[in-house]
Amino acid sequence: MPEYADLEISLHRREGATYSVELRFSRPDSEADQRFEPAQAQFDFDALRALELDLDGYGKELSAKLFAEAGAQSALAQARAVTEAQALGLRLRLNIGPSAPELQALYWEVLRDPQSGDALGTDENLLFSRYLSSMDWRPVRLRPQSALTALVAIANPKDLERLKLAPVDEARELQRAHKSLDPIAVTALPNATARATLNNLIDHLRATQPDIWYLAAHGLLRKGEAWVMLETETGETARVSGDELVTRLKELPHRPRLIVLASCQSAGAGNTDTLAALGPQLAQAGIPAVLAMQGSVSMAMIERFMPKFFEELNADGQIDRALAVARGTVRDLPDYWMPALYTRLKSGRIWYVPGFKGGGGDGEEFEYWESLKTFIQEKRCTPILGPGIDEAWLGQPGDIARRWAEKYHYPFAAHELENLATVAQFLSRRDGAKALQSAFNKAIRDEIVQRYRTALPPDLVKAEVWPADKLLKALETIATAHWAQPGAYAHKQLADLALPIYLTTSPSNLLALALKAKGVDPQVRLCPWWSQRIPEAKWRYEDEPTEEKPLVYHLFGHFNTPESLVLSEDNYFDFLIGVARNKTLIPDTVVNALTNSALLFVGFRPDDWDYRVLYRTLMAQEGSEQLRDYRHVTAQVEPDESRLLDIQRARRFLEKAFNKDNIGMFWGRSEDFLSALTQQLKA
């Protein structure tokens, strides 16, 4: 996958008709951003309107005004020269500030290079998109390519002719969508049981949680308000306002990463009402990427553009690159410029390829597979499991933190809203440790019910409060049901390794259940970091762990002992102090495993408290210098777009840091790594 430098052009209103032009350039191989001297620009809106039928002339006039000052021209020229010399691509982001909404109506997609006169919007080496800020703080989490799903919704009301609108060829649209999106799994609406109504659309988005939502429907922009022509239950036209659709989407717990609006005027109609159009509204509401249409787009353009766009998107997940290529294939059509991309994705992509980076990613073979396989076969490998191992069952810690922050009116910095330890610290100080434990139990209960309601007994669903025994019983119920179905399940894959010791930071019983399902007798024990409150029977372990009686050692507590849970920042500090104070109570077999075996860190993010505290504890153990005799692996959850300012730089930094400690990094979900490991062991 090629790397891209970034050139961000920010426009803000100054006095009268003058706008400031601020340019910021960053290279993927540099830690510093280059900021150019701000320039000024004035746009002749009347002259541009007069050129709307002459797109070449429009693009040149718009470019001449944007790059009127030599400093702005020089900044673009320098950025292009640097990227060409280093064989990089250039990602050009246009950020129009809230002080200049009228600039959103200009046709930026026909912009020209001020020196060469070449079109910028169809150049595969220069990726253009519009950036719209959002007040939505929910993170943008990438998913592996193999796991992507799409919802295709096609609205063809039977009375469109009455509204002087052309019928939508439902079968043809669906066939094109399936062909274009392949191999992404597609759910279609309408289907045998549901029409393309607003309620059915929202229900399908909630149930399938697609990464991509493709909407083929007529759209209008009238008197500053966007409208989408969906269907009623009887098949007539249902005019749905953009405001209503956006509100319903914002209420969903999981929203698409990319929305493609194959509907007219979904990105405006070239007037001052542009920000009222559906596409910009969705972007401002927090959808990571929205592809919408500026004006009344022709079916000829859609028929050629969409298949090429999805074909290229499937190639590398780069939305803005796919757009440039697809737009280039229809440049002979008068409406080639109408697709507009609004995005807040830093990397420009909606998926990633799991694998080893640096040490063997991007199709290369990881050079340490053989030694890792040998250590597993010799039972000299110790898995250390993070919260990511249970996210499919218990939800993501960041989501719990965000809901708590909203419910309990967390008053501090916005960037802390995703940090469970920090928000838990606030709740603990406000309401006490017992209230925090109860709130955590309730959050897990709500997550399980929301995800697995149909697999649970009715009495569990009805119960608003679950004691620990009910919570663990619910996990056993849904795990048993799901593990009976084909699929790659992380806990079963770990149990298949047949190792004598497993260390986990999860409070659940899922690993022990997977081991029991394999026919072994796991011994579950807690780390006595708070020996006064954790009963001795739950931490003392004197038997030698074996493949038949493996030890599952819970470092940060277990649901069945609420006082053992490590949740808040104070809990983490107490854990560090408690482990140092009670180190003689930790079984020698655990200490030996931590200091004299190959370690598998699975399901951690490197910036989470779980990983940082655990890693420091590990490095402080006597005999930890022996770890350099082994090659270790950390299987990280792919970084969230919202957690890192620059994913590529963060990767290089982490790879360098971990390589120093003899740790190879696998970027991807726990299931991705464990599936790759399983294949290697079978081979």
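Within a straight-line Cα-Cα reach of under 29 Å, K164 can be paired with the following lysines, leaving aside sequence neighbours fewer than 8 residues apart in one chain: K223. So for the chain, averaging the separation of alpha carbon pairs under 8 Å that are six or more residues apart and normalising by length, what relative contact order in percent results? Worked out over the chain, it gives 11 percent. Of the trypsin sites (Lys or Arg not before Pro) found in region 329-359, the ones in coil according to DSSP and having at most 15 other Cβ atoms within 10 Å of their Cβ are R331.
Here region 143-345 is treated with +1 on each Lys and Arg Cβ and -1 on each Asp and Glu Cβ, and its dipole about the Cα centre works out to around 260 debye.
Let me check I've understood the local charge: for L674, count other residues with C-beta under 13 angstrom from its C-beta, Lys and Arg +1, Asp and Glu -1. What total comes out? Overall, the nearby charge balance is 0. Over all other residues within a Cβ to Cβ distance under 10 Å of I302, the charged ones net out to -1, with Lys and Arg as +1 and Asp and Glu as -1.
Cα centroid separation, region 405-444 to region 206-267: 35 Å. Across the cross-link table entries K434/K462; K538/K682; K407/K462; K434/K470, which are compared at the Cα atoms, the separations over 30 Å belong to K538/K682. In this simple spin-label model, placing a label point 7 Å from the Cα along the Cα-to-Cβ direction at both E370 and E251 gives a separation of 6.0 nm.
Computed from the Cβ-Cβ distance with R0 of 51 Å, the FRET efficiency linking D44 to S531 stands at 0.10. When shorter helices are ignored and each DSSP H run of at least 4 residues is given -39500 (n - 2.57), the per-residue value for the chain at 222 nm works out to -11000 deg cm²/dmol. Distance between the modelled labels on A192 and K473, one decimal in nanometres: 3.7 nm (7 Å Cα→Cβ projection). Applying 1/(1 + (r/R0)^6) with R0 = 41 Å to the Cβ-Cβ distance of A300 and Q679 gives a FRET efficiency near 0.35. For region 143-345, the square roots a ≥ b ≥ c of the C-alpha gyration tensor eigenvalues yield an a/c under 1.5, which makes the shape rounded.
Helix 670-682 axis versus longest C-alpha principal axis of the chain: approximately 60°, rounded to the nearest ten.
Read-outs throughout are calculated quantities, based only on the coordinates presented, and are distinct from any laboratory measurement. Since the model is a prediction, treat every value here as computed from it, not as a measurement. Positions of Cβ are generated from backbone atoms using ideal geometry, with glycine treated the same way; all protein chains shown enter the neighbour counts.
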